[in-house]
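Let me begin by presenting the structure, written as structure tokens, before commenting on it.
The values are calculated or read from the model by the stated rules, or taken from the named source; none is laboratory data. All values derive from a computational prediction rather than experimental measurement. Using ideal geometry, Cβ is built from the backbone for each residue, glycine included, and neighbour counts are taken over all protein chains shown.
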Amino acid sequence: MDQSDVVDPSFPNQDDIILNQQLLEVIQTLYKSESEEESKRRLVVLGKISEIFRDWCYQTILKKPGMNEEMAMAAGGKIFTFGSYRLGVHGPGTDIDILCVAPRYITREEYERDMYEVLKKQPSVSKITGVFKTKVPLIKMVFDDVPIDLLFATLGSFDRIGDDLRNLMDDSVIARCDEKTTLSLNGPRNTDTTLSLVPNLANFRLTLKAVRLWAKRRAIYSNVLGFPGGAAWSILVAKICRMYPNYLPNQLVRKFFYVYDMWDWNQAVFLRQVEQMQVSSSEPGLINVMTPAYPSFNSTHTVNKHTKKALCDEFHLANKILTEVEAKRAAWTDIFEPIDFFNEFRHFLKIEVLATTTTDFEDWHGFILSKLKLLLYENLDILKPAPYVRVYTHEVEFTDSVFPYTIAYYAGLKFIKQPVLESSRSVDLKFPVLKFVDVIFKMRREMGYNVTNTNLRVKYLTAEEIEPELKARPGVSTRKRFRSFDDTIDPEKRMKLDAELRGIVSAESLPEPVVMELAAPAVTQPSAPPKKRITINLKAKK
């Protein structure tokens, strides 16, 4: 390991060993592991998919001009896992990320057309959807009750893909590959490179489990919604493991939150220096977590000023809690308390995704999820005053009398209290909401989809209108937890952090939400604008 990364090579003491055992017990209780039966089923499923893919490669190549049976058999084809399954931190019911790698004779068009049909005919396959109009095309399906995300790459410089190709870490595999293939290859390449760079796999995995559990419970785990995803969290944890190579997981978790609470986000997080790929990245001063395999790209390019603020608040809160754990004034379980999202905000947008069939729903749901940032982080940003927006990353189920397949997302809104001289102002949600809905349905029509089987509704709700079962969910709000512990950061450092890291108003200076009144129900449907103006009145308290 590059010793320049090492900050402290020391070993744990007896107190650390005791604290580590406490953390281990908490993780074993809260982080559900799959059963032995499910582990075996996953291996069987992987074997079946490998066999199906190799046979399809053989049949496809055999039809090519100038190819014979021996050449088609030798050309091969292989699958590689990546993501949480490959990292060893997956749980029950989680999907397996798989990359199907074919020799140069097979095209992406053949895979998306023919392999999809082969899988669709398999009796073990259900809920299959082709998501092909994206930068990283994939097939989503459930195979023998195991969710699968299936990506594809054809290696332009390889005549055969045999068992001797043990991994994809050699840079030669991306030679003569287009952008979609390169991005698809980045999954297993970055997973395996990350694993190769950590000094102790067991400690890395337990630390990553703790961080993933924390991030999901605090609703800050979702790449598509502007937070770090699985790859970014694994890189952030691996960085700490390299800085403190001999630490136990409890020490690594402690340093994780200390380091990233204090991190200067004008500086990117690297595991090693790699030539970068020219893809979208965050604005300067936001969060940049660079992937370790060539070509490197920013795994947190979806982070924006709103999600960065939420992340920094949560890093700071966790850092405070763990200071209390060290002082024996708090327990490890405190850090894993779920966020009390529906009691933390007083104003919400509810985004309802609806469809008539499971196939339409899977595709429609994925499309809306990928476009929510247009509404939450771009359209709403033009409001005066613009709200601070925090999205609840967990899906919420609901029932509808017309559409059998539904899911909802919630976003909490906070507005800065207006000065007395501006005691009467209004915020009109109609324009950003209708603009979002119009753009969504226009894009779908241009893509050739029949939109009559799907629907999208956006509703404004006050805290009093939130379903009681949502408000009753166990959890602790970030704002309340900030007040629960003494601030351990020196005031000067605190001011510097607020200036350098927060980007927008810090949690401490956010006021209680002002009183807001809705003039009409904000329900939007395609080509059916609300009859009345959707207006929220802002009034400063006297």
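Could you check, for segment 370-379, whether at least one of its residues is more than 20 Å from L225 (Cβ to Cβ) and touching a residue at least 40 places away in the same chain (Cβ under 8 Å)?
No, because not a single residue in segment 370-379 is more than 20 Å from L225 (Cβ to Cβ) and touching a residue at least 40 places away in the same chain (Cβ under 8 Å).
Right, R41: in contact with an Asp or Glu (Cβ under 9 Å, 6 or more places away or on another chain) and surrounded by 15 or more Cβ atoms within 10 Å (Cβ to Cβ) or not? It would help to see each step written out before you state the result.
Values: in contact with an Asp or Glu (Cβ under 9 Å, 6 or more places away or on another chain): yes; surrounded by 15 or more Cβ atoms within 10 Å (Cβ to Cβ): yes.
So R41 passes the test.
In the set F297, F345, F315, F336, which member is of a type outside the set (D, E, K, R), farther than 26 Å from F403 by Cβ, crowded, with 19+ Cβ neighbours inside 10 Å and more than 21 Å from the chain's Cα centre (by Cα)? Before the answer, list the steps.
Numbers: F297 fails: more than 21 Å from the chain's Cα centre (by Cα); F315 fails: more than 21 Å from the chain's Cα centre (by Cα); F336 fails: more than 21 Å from the chain's Cα centre (by Cα).
Going through F297, F345, F315, F336 in turn, the sole match is F345.
Among the strands (runs of 3 or more DSSP E) lying completely within segment 51-160, list those that include at least 2 residues that are at pLDDT 95 or above.
Details: elements: 78-82, 96-102, 125-131, 138-143, 146-154.
The strands (runs of 3 or more DSSP E) meeting that bar are 78-82, 96-102, 138-143, 146-154.
Condition (residue is in a helix (DSSP H, G or I), polar (S, T, N, Q), closer than 25 Å to S196 by Cβ and in contact (Cβ under 8 Å) with a residue 60 or more places away in the chain) applied to segment 18-30: is it met by at least one residue?
Let us first name the residues in segment 18-30 that are in a helix (DSSP H, G or I), namely 18-30.
Those still in the list that are polar (S, T, N, Q) too: 20-22, 28-29.
Narrowing further to those that are closer than 25 Å to S196 by Cβ: 20.
With in contact (Cβ under 8 Å) with a residue 60 or more places away in the chain added as a condition, the list becomes 20.
Yes, the conditions are met somewhere in segment 18-30.
Any chance segment 370-388 includes a residue that's within 18 Å of E465 (Cβ to Cβ) and modelled with pLDDT under 95?
Let us first name the residues in segment 370-388 that are within 18 Å of E465 (Cβ to Cβ), namely 387.
Now drop any that are not modelled with pLDDT under 95, which leaves 387.
Scanning segment 370-388, I find at least one residue that is within 18 Å of E465 (Cβ to Cβ) and modelled with pLDDT under 95, so the answer is yes.
Just to verify a result, which residue in segment 353-362, among those that are out of contact with any His (no Cβ under 9 Å at 6 or more places or on another chain) and crowded, with 20+ Cβ neighbours inside 10 Å, is modelled with the highest pLDDT?
Step one: filter segment 353-362 for residues out of contact with any His (no Cβ under 9 Å at 6 or more places or on another chain), giving 354, 356-362.
Among the residues that remain, those that are also crowded, with 20+ Cβ neighbours inside 10 Å are: 354, 360-361.
On the way: L354: 95, D360: 88, F361: 91.
Across segment 353-362, the extreme among qualifying residues is L354.
Name the residue, out of T323, T302, T333, that is under 18 Å from A231 (Cα atoms) and among the β-branched types (V, I, T).
Working: T323 fails: under 18 Å from A231 (Cα atoms); T333 fails: under 18 Å from A231 (Cα atoms).
Answer to the selection: T302.
Working only within segment 144-172, note down all residues that are among the β-branched types (V, I, T) and free of Cβ contacts under 8 Å to residues at least 60 places away in the same chain. If you could, list the steps in order and put the result at the bottom.
In the first step, residues of segment 144-172 are kept if they are among the β-branched types (V, I, T); the result is 146, 148, 154, 161.
Passing the criteria: only T154.
Of the residues in segment 403-457, how many are hydrophobic (A, V, I, L, M, F, W, C) and modelled with pLDDT of 90 or more? Break it down into steps so the answer makes sense when it comes.
Within segment 403-457, the subset hydrophobic (A, V, I, L, M, F, W, C) is 403, 407-408, 411, 413, 415-416, 420-421, 427, 429, 431, 433-434, 436-437, 439-441, 443, 447, 451, 456.
Of the ones still in play, those that are also modelled with pLDDT of 90 or more are 403, 407-408, 411, 413, 433-434, 436-437, 439-441, 443, 456.
Total meeting the criteria: 14.
Checking V142 against (1) touching a Phe, Trp or Tyr at 6+ places or on another chain (Cβ under 7 Å); (2) under 21 Å from Y405 (Cβ atoms); (3) surrounded by fewer than 16 Cβ atoms within 10 Å (Cβ to Cβ); (4) of a type outside the set (S, T, N, Q), which single condition isn't satisfied?
(1)
For segment 94-127, which positions are buried (at least 20 other Cβ atoms within 10 Å of the Cβ), free of Cβ contacts under 8 Å to residues at least 60 places away in the same chain and closer than 30 Å to S35 by Cβ?
Result: I96, I98, C100.
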